1. Could you let me know the centre-to-centre spacing of region A:473-490 and region A:13-32, using Cα atoms, in angstrom?
2. Over the alpha-carbon set of region A:348-486, work out the extent along each principal axis and list the three values in angstrom, largest first.
3. Quickly rank A:528-540, A:320-332 as a protection proxy: mean count of other C-beta atoms within 10 Å, highest first.
4. Filter chain A for me: DSSP H helices, axial length by Cα at least 18 angstrom, mean Kyte-Doolittle hydropathy not below 0.5. List them by residue number.
5. In the P(r) worked out for chain A, what percent of Cα pairs fall beyond 42 Å?
6. Once Lys and Arg get +1 and Asp and Glu get -1 on their Cβ, which of A:Phe519, A:Phe417, A:Pro280 lies farthest toward the positive end of the dipole of chain A?
7. Name the residues whose placed amide hydrogens come within less than 5 Å of the amide hydrogen of A:Val160, ignoring near sequence neighbours (fewer than 5 apart) on the same chain.
8. Considering only DSSP states other than H, G, I, E and B, which GluC sites (Glu not before Pro) in region A:155-217 qualify as loop sites with at most 11 other Cβ atoms within 10 Å?
Amino acid sequence: MTTTARSVTDQLSEGLRTALAAAGLPPLAECVWEVPREEAHGDYATNAALVLARAARRSPRQVAESIVGHFPALSAVGRLDVAGPGFINVTLAPDWCRAALPEILAAGAGYGAGEDGRGRRIRLEFVSANPTGPLVIVNARAAAVGDSLARLLRSQGYGVTAEYYVNDAGNQFLALARSFEARVRQALGEDAALPENGYPGEYLIDLARDYLKDHPQVTRESLEVIPAVDALRDKSWLDELGGWAVARIVEGQKKVLHDYGVDFDVWSSEQRDVRDRALPEQVLRELAARGLAYEQDGALWFRASQFGDEKDRVLRKSDGELTYFAVDVAYHHYRKFADAGRVVNLLGPDHHGYVTRMRAAMQALGHPADAFDVLIIQLVTLLREGQPVRMSKRRGEFVLMEELIEEVGRDAARFTFLTRRHDSPLEFDLVVATRQSAENPVYYVQYAHARIASLFKQAAAQGIAVPDRGSVDLAPLALPEELSLVKRLLQFPNLVAGAARALEPHRVAYWLQELAGQFHPYYKVNRVLGADRALTVARLALCAAVGQVVRNGLALLGVSAPESM
RNA sequence: GCGCCCGUAGCUCAGUCGGAUAGAGCGUCGGACUUCGAAUCCGAAGGUCGCAGGUUCGAUCCCUGCCGGGCGUACCA
C-alpha cells in the first residue's frame, strides 16, 4: 500500500501530538483534520488550538503559535499558518505531493483500499422484498445503496456477506398462495374471486398460465376435490402452489438484480433456514431461560421494555402462532451473528418502529448495542413530468425496477440513488431523467474517464510511449491546477474510509463529481500532448492517475467506467 | 396524545466530529468548438439555512418551544 498517499492525515496527527508534548500542552483525545472549503486556508486544517485554549488558559491564537513553533519538520508539510480565530492551516509540500503520483499508479485498483475492517465480518442484508411480485423502484434504491456499501466495506478489509432474505412463510405467503390459486382457477375457466388482501397484480395471471403449462395434470376436474374453505383443505396444496409461485418470483427478482449489477452471496429463506430448523422455538426457550419472556393473556411476551423499548413485545400469539418478530429474532441470533460480529440491515421507512425492539432483543441475547445497525432507506416518489406516479401493490399499479433500468439505464439509476443520503426521501422524475440523460451527473463523471482513455489512445497513435512510472520526471507539473488535482487524489483513501465508516456511499458519488469538476476545466485549457516531451509525459502521468481514481470510485458505486461513450 | 425522520437557491439535493465568506447539479440569462471527445468549458443572476429563544470563542449542525410535511405507535409482516 502507498506510504505517502494513504497517510497524509496520519502523519499530520503524529506531528501534532509531538508538537503538543513538546509545547507542554495537554494531549488531544482525537486529532481532527478537515479539508478547508477555501483553498486559501491550506490543504488541511485543525481546530486543535481552539479546543485546547480553555485547558491551557491561553488564547487560541497563542496556543496555535505554540503548536506551530514545536511542530516537527515533515517532508509532507510545506507551510504551517495560524489563521482566523486559531486554526492551524497546513499547506502540503508540492514535491511531496507530486511524488505520490507514482504511488497511486502503482497501487492501481487497490488505491483507496484500507485496513479498518481487517479480520472483521459484517452481515449486510438489503432489498429483501416480499416474494409477492416483481421488484419496484424503491427496491432499486435499496439495491444501489446496499451493493455500494458492500463494495465500500470490502475495500476496507471487512469480510462482507451480502444477503437477501426471502419471507416465504407466514401471512403474506398465504395471501400470495390464495391469490395464485384464484388465478390458476381462473385460467382453467372457473369463476374464482381473488381473496381479500390478495395480490391483484397481472403478473400472477401470467404465472398461472405458466404453472398450468408445467403441470398438465392440474385440471378443472382435478381441482374439484379441493374444498374452497381453507380449513377443510390440505395445506400442502397451498404450500405447493405458493412455493412454486415464490420460486418463480424470486428467480425473476434475482435476474433483475443481476442485470442491475447486484449479486448476493446468500439467498436465505424464512421457511427453510429458520422455521424448518425450529430456531424460533429455540430462541423462545433461550429468552425464557434468561427470565426475559413471560406468559400473559395466553401469549408469550419478551421483556423489551427492560432494554429501552417502550413496551414489551409479543413472541407467540395466543392462537399459538409465532410473530414475525420472534422468527426474526431467532434468525438474527442463531444465523446472522454466527456468521458475523456485526449485522447491518437496510429497511424501508415503514419498519423504523421495528428497530428498537429488534435491538432490544439482540442486547437481551448478549450482543453489543452497536453490533446491530439498521439503515432506513427512504421512499422514492416517482414522477413523470412533475406528476406523481401512483404506486400501489394493492391495486397492482407500480413502476417496475426493470422498467426503470430500461428507461433511464443502470448506471444513471444507480448513480442517482447514490447522490442522495439513504435516509432522505427522494423524487425521481422518469421523464426528466431520460430527457436530461446527457447532462446527468453520472455522465459527467464517466466522461472524464472516457476522455482520459481516449487521450491515451491518441498518445499511442502518435507514438508517444508512456515511460515507466517510476522514472517519470514530475517536476513539470507546476500549474496550481495540477497541484490541486494531485492533492484531491490524495484525499481519496480518507474519503473512502470515512464513507465506509459512516455507511454513507453518497459521499463517494459527490466526491467524484468534484474530481471530475476539477479535471474537465483543467483538461479543456491545458493541452497534454504537446511539443514539450517532458511536460507531455508528466501530464500523461497525472491524467492516468485521475483516470485510475475515477475508475476506483465508480467501482465502489457499482457504476461502469467506460472507455468511450 | 406519544415517538422517530425531514424543512438549506425556482427545482432536485450536498454540507464530515460544532468551524473561517453556506455549496453542487438542473433550470434561467450571456459567451466559447481549424487543436488530445462541446456528454466539455467561461461568466451572471439566484439564500431570513421553516420561526423564536438557549448553550459558546464560534451554530445549517447541539438543546427547548412553535409552525409545516412524512412515518410509526398491532397478539400485521
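1. Cα centroid of region A:473-490 versus Cα centroid of region A:13-32: 30 Å apart.
2. Here the Cα extents, ordered largest to smallest, are 63, 47, 26 Å.
3. Numbers: A:528-540: 16.2, A:320-332: 20.3.
In decreasing order of mean packing, A:528-540, A:320-332 become A:320-332, A:528-540.
4. On the way: long enough: A:8-22 (21 Å, 0.23); A:94-107 (20 Å, 0.44); A:137-155 (27 Å, 0.57); A:170-187 (26 Å, -0.23); A:235-259 (36 Å, -0.34); A:352-364 (19 Å, -0.36); A:441-461 (30 Å, 0.26); A:480-502 (32 Å, 0.27); A:506-525 (30 Å, -0.49); A:533-557 (36 Å, 1.24).
Sorted by number, the helices that extend far enough and score high enough are A:137-155, A:533-557.
5. Values: 59470 of 159330 pairs.
When every Cα pair of chain A is considered, 37 percent fall beyond 42 Å.
6. Working it through, the farthest residue towards the positive pole turns out to be A:Phe519.
7. The answer is A:Ile122.
8. Working: sites: A:Glu163, A:Glu181, A:Glu190, A:Glu196, A:Glu202; in loops: A:Glu190, A:Glu196, A:Glu202.
Passing sites in region A:155-217 are A:Glu196, A:Glu202.
The values are calculated or read from the model by the stated rules, or taken from the named source; none is laboratory data. Because the structure is a prediction, the values reported are computed rather than measured. Positions of Cβ are backbone-derived with ideal geometry, glycine not excepted, and every protein chain shown enters the neighbour counts. All accessible areas refer to the heavy atoms of the entire protein, side chains included, with ligands and DNA or RNA removed. Shrake-Rupley method; radii C 1.70, N 1.55, O 1.52, S 1.80 Å.
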